[in-house]
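Just so it is clear, none of the values below were taken in a lab; they were calculated from the coordinates. All figures in this text were calculated on a predicted structure; none of them were measured in a lab. Glycine also receives a Cβ, built like all others from the backbone with ideal geometry; neighbour counts cover every protein chain displayed.
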Amino acid sequence: MENLLRNCSTLTALALLLTGCAAGGVQQSGPHLSPTECRDLAALKSDPPGTKAQRQSEIAALRKAGYDPSPWNDDPNYPDDLHAAQRLVAHWFETDCQQLPPG
């Protein structure tokens, strides 16, 4: 029983540590998206095929949100990690890009 309690405490501490590390990789204050990323994401929303440059801006924004597209073939968290990054980028788009002047 004592080992079980010690293991639970260790697992809890490890989970909190990993959560802190994951959160530390994402910028917490200020604008998350550049004006170029805002412009390109807005263009992709209105005209989905988009250009190569617009798609590269989208990937850059997803990377900022913590998504790494490189291990797509063996990522056990795909597509959940992609969807989480897309939700975060959508939130950033709503908060950061609506404050930019049009153009």
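Things worth noting here:
- Equivalent ellipsoid semi-axes - Cα gyration tensor, the range 33-103, angstrom: 23, 13, 9
- A simple spin-label model places the labels of A90 and D75 1.7 nm from each other, with each point 7 Å out along Cα-to-Cβ.
- Legend: ranking of residues D81, D75, D68, D40 from fewest to most surrounding C-beta atoms inside 10 Å; resulting order D68, D75, D81, D40.
- Note on A42 and R55: the model spin-label points, each 7 Å out from Cα along the C-beta direction, lie 2.3 nm apart.
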